[in-house]
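What follows is a short report on a single structure.
The values are calculated or read from the model by the stated rules, or taken from the named source; none is laboratory data. Predicted model only: the values in this text are computed from it and were never measured. Glycine also receives a Cβ, built like all others from the backbone with ideal geometry; neighbour counts cover every protein chain displayed. The area values use the complete protein model at the heavy-atom level, side chains included, leaving out ligands, DNA and RNA. Shrake-Rupley method; radii C 1.70, N 1.55, O 1.52, S 1.80 Å.
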Amino acid sequence: MPSVESEIEEALRGGDERKAMQLCEELHPADAAAVFESLDDRERGRFAEYISNEAISLIVSFLPPAEAVDLLNNLKGHDQSEILNDLPDDVMVDLLQEFEPAERQAYFLKLTDHKKAIAKSLLQFPEESAGGRMTTAMATVRADMTVREAIDALAEIREETELLARIYVVDDERHILGKIRLRDLTFNPVDMRVDEFMEDEQIAINANADQEEAALMMTKYDLVALPVIDDDNRLLGIITYDDALEIQEEESTEDIQMAAAISGSQEEEGYLRSPIVTQFNRRFAWVFFLAVLAILSG
């Protein structure tokens with residue numbers, strides 16, 4: 001029995017628009033992203049025609065940044081502004097960092113004022129730092145709130161918050177005082193104050209720390225989310241568990257590339273997108289040495 005992905009490819013190549021659209025709507029965004037990556041340039045454009053702006057925003061979150069940039073650059077008949085503004089903050093910033101400066105400015109202008117402020121705050125940190133990987137879509141409450149007040153406050157931001165499994169208790173200057181869970185609010189009396197049942201939160205990482213350090217901390221302490229703070233210990237954002245997995249994958253890939261002498265410098269675009277001359281200069285000495293060694297061995 002053919003997979004849904006292969007059925008979509010067949011429908012696209014056969015020009016069966018109705019079937020392609022129906023199949024696309026049934027796909028999980030991760031599967032849709034995998035289908036998109038398997039298509040050629042012409043088929044990718046047609047694939048994007050059959051899905052909504054909301055679906056494209058979800059798919060972009062599952063694509064490698066370079067592929068996501070290609071998708072956004074080649075969209076026709078879609079509202080790029082709507083797609084960008086629907087993206088999670090960290091995904092949006094990752095994409096902006098991938099664009100060339102001129103393109104980055106053009107896409108930046110498509111953001112709402114709220115998203116522009118978020119992008120500015122996140123783009124000030126290096127791409128591979130904890131601050132560069134964090135999201136500001138987090139849940140916070142004050143210590144003097146009652147359970148009822150905390151629930152009402154969270155209800156107002158529920159659509160903007162990426163993770164409600166961890167809710168941070170902060171003061172007026174956003175210093176972390178502790179943390180609570182959503183179930184704590186569910187099972188405690190509505191008139192109980194948050195500071196009566198909150199837990200201490202001692203684990204956090206500075207925004208300028210390396211992203212790999214953040215991933216290691218999350219693994220070591222088995223964290224769902226890691227708070228990111230500035231030099232004055234004020235809460236700036238969080239790194240979520242899915243971001244930690246991505247960081248670990250990137251770091252492992254980089255280690256393998258370095259071992260194989262195919263990694264690029266930080267300023268370059270990566271192995272597959274680097275110029276042939278760059279790859280030749282990087283590997284020629286090793287290949288020549290191994291060739292001489294093989295001749296001598298023979």
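Observations on the model:
- Given 14 as the ceiling on other Cβ atoms within 10 Å, longest exposed-site-free region of the chain for trypsin sites (Lys or Arg not before Pro) in DSSP loops: 159-272
- Solvent exposure of region 94-246, expressed per residue, is 53 Å² of accessible area, with all protein chains present and a 1.4 angstrom probe.
- The residues neighbouring Gly132, those whose beta-carbon lies less than 9 Å from its own, together hold a net charge of -3 under the Lys/Arg +1, Asp/Glu -1 convention.
- Across the alpha-carbon atoms of the chain, the computed radius of gyration and Dmax are 23.1, 83 angstrom.
- Helical mean residue ellipticity (222 nm; -39500 (n - 2.57) per DSSP H run of 4+; nearest 500) of the chain: -16500 deg cm²/dmol
- With θ taken as phi - 60° and the Karplus curve 6.51 cos²θ - 1.76 cosθ + 1.60 applied, the whole-hertz 3J(HN,Hα) list for region 86-94 is 8, 6, x, 4, 5, 5, 4, 5, 4 Hz, x standing for glycine and proline.
- The distance separating the Cα centre of region 59-73 from that of region 105-135 comes to 17 Å.
- Note on the chain: GNM, Cα springs under 10 Å; of Ser129, Ser52, Ser61, the largest mean-square fluctuation is that of Ser52.
- Counting lysine pairs in the chain that sit 8 or more residues apart in sequence, or on different chains, and whose Cα atoms lie under 30 Å apart gives 10.
- Computed E for Leu290/Asp16 - FRET, C-beta separation, R0 35 angstrom, nearest 0.05: 0.10
- With every protein chain in place, region 1-158: carbon and sulfur % of accessible area (1.4 Å): 48
- Applying 0.36 nm per residue to the separation of Arg158 and Asp232 and subtracting their alpha-carbon distance, the gain on full extension is 23.9 nm.
- Sites excluded, GluC sites (Glu not before Pro) in DSSP loops with at most 11 other C-beta within 10 Å, longest stretch of the chain: 1-158
- The angle between the Cα long axis of helix 276-297 and the longest principal axis of the Cα atoms of the chain comes to about 60 degrees, rounded to the nearest 10.
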